[in-house]
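A.B. asks: Take this structure, written in structure tokens, and hold onto it; I'll ask about it next.
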């Protein structure tokens, strides 16, 4: 969860002073007779000596609203008062003005069209001597009402986002209304008398809004003043920005305007009040791009990808989109792809075109949007325009603000959003995304803290690309954003920043956007009930309950604007009303009740949707003209016919419904839905068993079925004591390597197998799981909380072939096998180079190679480990003081960033299988920011043996040998607390495993905790910690070093280990000093002894090359309790010796 951290507004000297600053006294211009401009609706009195409206008269009735009776002569430019020379040219419906001062000319016009009066600046002509940045007419009072007008009232709204309270203020304007000591600003301002009402809208803009002008609250100026015989409430535009700080002289903002809409009774309730003004406001505002789609988007989803796991690849999201469309009979969907880029959420921004390769890349994303549009779904992606990550190819410290941003998978850096926008770089990145994914409908801009100019510029860029906008916080990007995450996600974010809490704002724009406090007793509110991994949520039935129980009624009430709002009833422009008078919520359309409490029969798209929380019979009136109502139950695979409904008197029907179950009623038989083509665009048909049957698969044996679990997921199950198989011919393959994978859970001892046999191959490539020992704690996976984990097999399609047979099977045994989400994608093999197993993390299709998340941090959580990419120098050690490289070799490494305590990752039998009783050597290269954070684990079931990974700020070799038990695995555990220090990072690469054969014939290592250093000829303890004991501490960064500080001990040097018992010793393994070559051994001898006193000839001798890898001295096994290493020459001829770690091998 993000916590908003609003940056302090920067003070811009000489650019923008306080909003309403009185200028120096100026001589009043000579009085000029007012002029009148007219339209068929209005007669408007205007001052020809200065752009000032005196009053408005409705021509049909003679009713009047006032403007400003006070003479004006001052403008504010860049916060400084000027008294311009003014000339004007009137016409029948407009007055054109020229205002000249200090070499600057501002041309403007007051015009009337219909019932709308507009003041607009038509040109600004300035010079280098005085560049116009901001422009304002203080106390302009473009429209006003007076206390001597019956019913005079002022209604204003400010930005208020808490779940309690309101941003609205309703003020009767009377002789006793308090006078404002100074002008203030608001977000919305409406005026009314008993005869006329007025709304005002402006494109007012501030470069760096703060205080009272922040968060859209500077749009409209407002002041109540005392004029002796009456008090006046006036409204006018806030200040305008013409040229922003840092902008080129030619980079100017749209010219200023302000509009006033005058109206009488607009909602036919025989009363004129603020609500009539609010209706009229919609005549002059500019609604957000795409507002017409808001009511259509009933379904709200977030397929979530994170930490390289690719739990929701684009092809799977397409199948889910089809499933939801069938389950809702085609309701519009708003699908936010959170984590579409690189390794998932919060990865590689701001390189927007870096579409996640593990998710299918741009090709699969475009296939999703193209096909998904046919299922009435709109798609957008989550982008970050506030922070950038070093892995991004667009990373540029020159446009950063210097602060540290979000820090989960990687440390991000705050961007100077002004520089980013003005440089054109952000627009280029957005344009690149649009080119890469032209089918996107909207962008979701995450964690945007900007305000004023920087926000307006970003909104223009997004809209200019033909994209709609959504965002996170309810009080940002409000001019263009259609959907605000914290408003829709009721349990997410804080109660003080939840949604816009204003009756005025919601009255105006309820139909146009989703930015409101949810669960309003009349209007409801759009709600997101995630189930695709966002926040670890997996409950598809809860999602359907919210979609039908909350969102469909909400969206029904967004199909038309609000025209009337009382304490218990809201009326829409189309005549629909919603009321809770009497304590029960009811919606009525055309005289028919369409919602009664928690049951409804809502018309939409030519059919009627039925829902009943309680279940049972309910009776409804059909729309006029319906003759053959037919009831269908909705399921994941489409409509199921229930049957025709009998029509009674008054065109009424009764529906007997199951509780919380969706139905549709059509007039006659429903038209057929298109075939879903499950798995469209992939080699596998119905890969997630969404069809609810095995029609796409060939079944052999008995016991195979598709079962719906309690989360609403369809899974392939193999019943206990059966041995079934399901198979499918894959087509359309091209020569090369593929990865086939599936989620699997199986009881211990029952083998479940994934096998692929390419055409022309000698036999199948296969993998099996015969236990599921680890709970899936990946928050981004719908399988979290279960024991389902991936298993994968690579297979090669030979040249000239294009097919393969994929089969899933199980051996007979107790308990049920569950499988889901078969996936086949292009891949590549890691060269083995003589090893039993190798992984360099260069070609992982999903996840972390052989490792799965171990649960560090708790259940259903998001790990802080991912596959990192190289973007030198920014991802590598040394840049900005960075301690370790993100990538050791090639393009990718496995990075754990400041992980939480616990098991970070481990292998499973199906990802890396160890034969019980065999000895294995595990090797990898690693870097580690600090000692004491991470340990390498060899495990056997729940038993663990740990080796501390020392500080290693350059690539360091690691080797361990162990004997596999019956449930052997390897992994990494974090032991220090989260946040104990920055850059508690572990980077792992080039993993290799060697099977040394049965332990009786292979080497084992003497446990370090049984060994001690029994003798050493020299050790440095003054100038550094060069204690001999360091060779057994498991820390590669600590070393034994012979004396050098006070004196230098000469060669040769010796260190002796007591093994604690006699072993058939066969080798000494030496890890050299990792950070530099000083002290590394060149010529050596190894001796053994049974008693530590009698030493025979050297068991091994030779010369080691200079390097950081483990160096071995092997010899014929012999019984020994003591082992001595003698160094006779250092690699550079120096007199000292150093060693990082020692291990003793033996062969039982």
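A.B. asks: Hey, any hits in region 556-568 for a residue that's buried (at least 20 other Cβ atoms within 10 Å of the Cβ), over 21 Å from the mean Cα position of the chain (by Cα), in a loop (DSSP other than H, G, I, E, B) and at pLDDT 95 or above?
C.D. replies: Within region 556-568, one or more residues are buried (at least 20 other Cβ atoms within 10 Å of the Cβ), over 21 Å from the mean Cα position of the chain (by Cα), in a loop (DSSP other than H, G, I, E, B) and at pLDDT 95 or above.
A.B. asks: State yes or no: is residue 399 touching a helix residue (DSSP H, G or I) at 6+ places or on another chain (Cβ under 6 Å) and either surrounded by fewer than 20 Cβ atoms within 10 Å (Cβ to Cβ) or without any contact (Cβ under 8 Å) to a residue 40 or more places away in the chain (or both)?
C.D. replies: Yes, satisfied.
A.B. asks: Can you pull out every residue in region 967-984 that is farther than 14 Å from residue 936 by Cα and either in contact with a strand residue (DSSP E or B) (Cβ under 7 Å, 6 or more places away or on another chain) or in the same structural domain as residue 1075 (by TED's automatic domain parsing) (or both)?
C.D. replies: 967
A.B. asks: In the list 1012, 1008, which residue meets the criterion of being surrounded by fewer than 20 Cβ atoms within 10 Å (Cβ to Cβ) and either assigned by TED's automatic domain parsing to the domain that holds residue 883 or closer than 30 Å to residue 913 by Cβ (or both)?
C.D. replies: Going through 1012, 1008 in turn, the sole match is 1008.
A.B. asks: Does any residue of region 831-854 turn out to be over 18 Å from residue 741 (Cα atoms), surrounded by fewer than 18 Cβ atoms within 10 Å (Cβ to Cβ), touching a residue at least 40 places away in the same chain (Cβ under 8 Å) and under 29 Å from the mean Cα position of the chain (by Cα)?
C.D. replies: Within region 831-854 (the criterion being over 18 Å from residue 741 (Cα atoms), surrounded by fewer than 18 Cβ atoms within 10 Å (Cβ to Cβ), touching a residue at least 40 places away in the same chain (Cβ under 8 Å) and under 29 Å from the mean Cα position of the chain (by Cα)), the answer is no, since none of the residues qualifies.
A.B. asks: Take the conditions within 29 Å of residue 955 (Cβ to Cβ), over 56 Å from the mean Cα position of the chain (by Cα) and in contact (Cβ under 8 Å) with a residue 12 or more places away in the chain and apply them to residue 1041. Does it pass?
C.D. replies: no
A.B. asks: Assuming residue 100 fulfils every condition listed in (1) over 21 Å from residue 259 (Cβ atoms); (2) in a loop (DSSP other than H, G, I, E, B) apart from one, which condition is it?
C.D. replies: Failing condition for residue 100: (2).
A.B. asks: Filter region 441-472 for residues that are in contact with a helix residue (DSSP H, G or I) (Cβ under 6 Å, 6 or more places away or on another chain) and farther than 13 Å from residue 385 by Cβ and give the result.
C.D. replies: 465
A.B. asks: Let me ask another. Pick out the one residue from 801, 818 that is assigned to a loop (DSSP other than H, G, I, E, B) and in the same structural domain as residue 771 (by TED's automatic domain parsing).
C.D. replies: Just a single option satisfies the conditions, and that option is 801.
A.B. asks: Yes or no: region 678-692 includes at least one residue that is touching a helix residue (DSSP H, G or I) at 6+ places or on another chain (Cβ under 9 Å) and either part of a strand (DSSP E or B) or in the same structural domain as residue 824 (by TED's automatic domain parsing) (or both).
C.D. replies: Scanning region 678-692, I find no residue that is touching a helix residue (DSSP H, G or I) at 6+ places or on another chain (Cβ under 9 Å) and either part of a strand (DSSP E or B) or in the same structural domain as residue 824 (by TED's automatic domain parsing) (or both), so the answer is no.
A.B. asks: While we're looking at this one, here's another question. Can you tell me how many residues within region 718-732 are surrounded by fewer than 20 Cβ atoms within 10 Å (Cβ to Cβ) and over 26 Å from residue 361 (Cα atoms)?
C.D. replies: Total meeting the criteria: 7.
A.B. asks: Looking at the structure I just gave you, is residue 185 touching a strand residue (DSSP E or B) at 6+ places or on another chain (Cβ under 8 Å), buried (at least 20 other Cβ atoms within 10 Å of the Cβ) and closer than 23 Å to residue 452 by Cβ?
C.D. replies: Spelling it out, residue 185 is indeed touching a strand residue (DSSP E or B) at 6+ places or on another chain (Cβ under 8 Å), buried (at least 20 other Cβ atoms within 10 Å of the Cβ) and closer than 23 Å to residue 452 by Cβ.
A.B. asks: Which residues, taken from region 84-129, are surrounded by fewer than 19 Cβ atoms within 10 Å (Cβ to Cβ) and either at pLDDT below 95 or farther than 21 Å from residue 44 by Cβ (or both)?
C.D. replies: Passing the criteria: 85, 100, 101, 102, 103, 105, 123, 125, 127, 128, 129.
A.B. asks: Moving to a separate point now. Which ranges mark the strands (runs of 3 or more DSSP E) fully within region 1095-1148 that have 2 or more residues being within 57 Å of the chain's Cα centre (by Cα) and modelled with pLDDT of 95 or more?
C.D. replies: Working: elements: 1100-1103, 1111-1130, 1141-1146.
Filter on region 1095-1148 gives 1111-1130.
A.B. asks: Being assigned to a loop (DSSP other than H, G, I, E, B), within 24 Å of the chain's Cα centre (by Cα) and surrounded by 20 or more Cβ atoms within 10 Å (Cβ to Cβ) is the filter here, so list the residues in region 777-791 that pass it.
C.D. replies: Those that are assigned to a loop (DSSP other than H, G, I, E, B), within 24 Å of the chain's Cα centre (by Cα) and surrounded by 20 or more Cβ atoms within 10 Å (Cβ to Cβ): 777, 779, 780, 781, 782, 783, 784.
A.B. asks: Can you spot a residue in region 95-114 that is touching a residue at least 40 places away in the same chain (Cβ under 8 Å), touching a strand residue (DSSP E or B) at 6+ places or on another chain (Cβ under 7 Å) and farther than 30 Å from residue 82 by Cβ?
C.D. replies: no
A.B. asks: If you don't mind, there's one more thing I want to ask. Just wondering, is there one or more residues in region 587-600 that are closer than 18 Å to residue 327 by Cβ, buried (at least 19 other Cβ atoms within 10 Å of the Cβ) and free of Cβ contacts under 8 Å to residues at least 60 places away in the same chain?
C.D. replies: Yes; the residues of region 587-600 include at least one that is closer than 18 Å to residue 327 by Cβ, buried (at least 19 other Cβ atoms within 10 Å of the Cβ) and free of Cβ contacts under 8 Å to residues at least 60 places away in the same chain.
A.B. asks: Could you list all residues from region 107-134 that are part of a strand (DSSP E or B) and more than 30 Å from residue 263 (Cβ to Cβ)?
C.D. replies: If the condition is that a residue be part of a strand (DSSP E or B) and more than 30 Å from residue 263 (Cβ to Cβ), then 123, 124, 125, 127, 130, 134 are the ones that fit.
A.B. asks: Return the only residue of 774, 754, 794, 805 being surrounded by 22 or more Cβ atoms within 10 Å (Cβ to Cβ) and in contact (Cβ under 8 Å) with a residue 12 or more places away in the chain.
C.D. replies: The conditions single out 754.
A.B. asks: Return the residues of region 978-993 that are touching a residue at least 60 places away in the same chain (Cβ under 8 Å) and more than 26 Å from the chain's Cα centre (by Cα); say none if nothing qualifies.
C.D. replies: Hits for region 978-993 are 988, 989, 990, 991, 992, 993.
A.B. asks: Another question, if that's okay. List every residue pair whose Cβ atoms lie under 7 Å apart, where the two residues are 6 or more positions apart in sequence or sit on different chains, the first residue falls within region 1011-1025 and is touching a residue at least 40 places away in the same chain (Cβ under 8 Å), and the second residue, located anywhere, is exposed (fewer than 14 other Cβ atoms within 10 Å of the Cβ) and assigned to a strand (DSSP E or B).
C.D. replies: 1011/1060
The values are calculated or read from the model by the stated rules, or taken from the named source; none is laboratory data. Keep in mind that what you see is a predicted model, and the values were worked out from it rather than measured. FYI the Cβ positions are ideal-geometry reconstructions off the backbone, even for glycines, and counts take in every protein chain you see.
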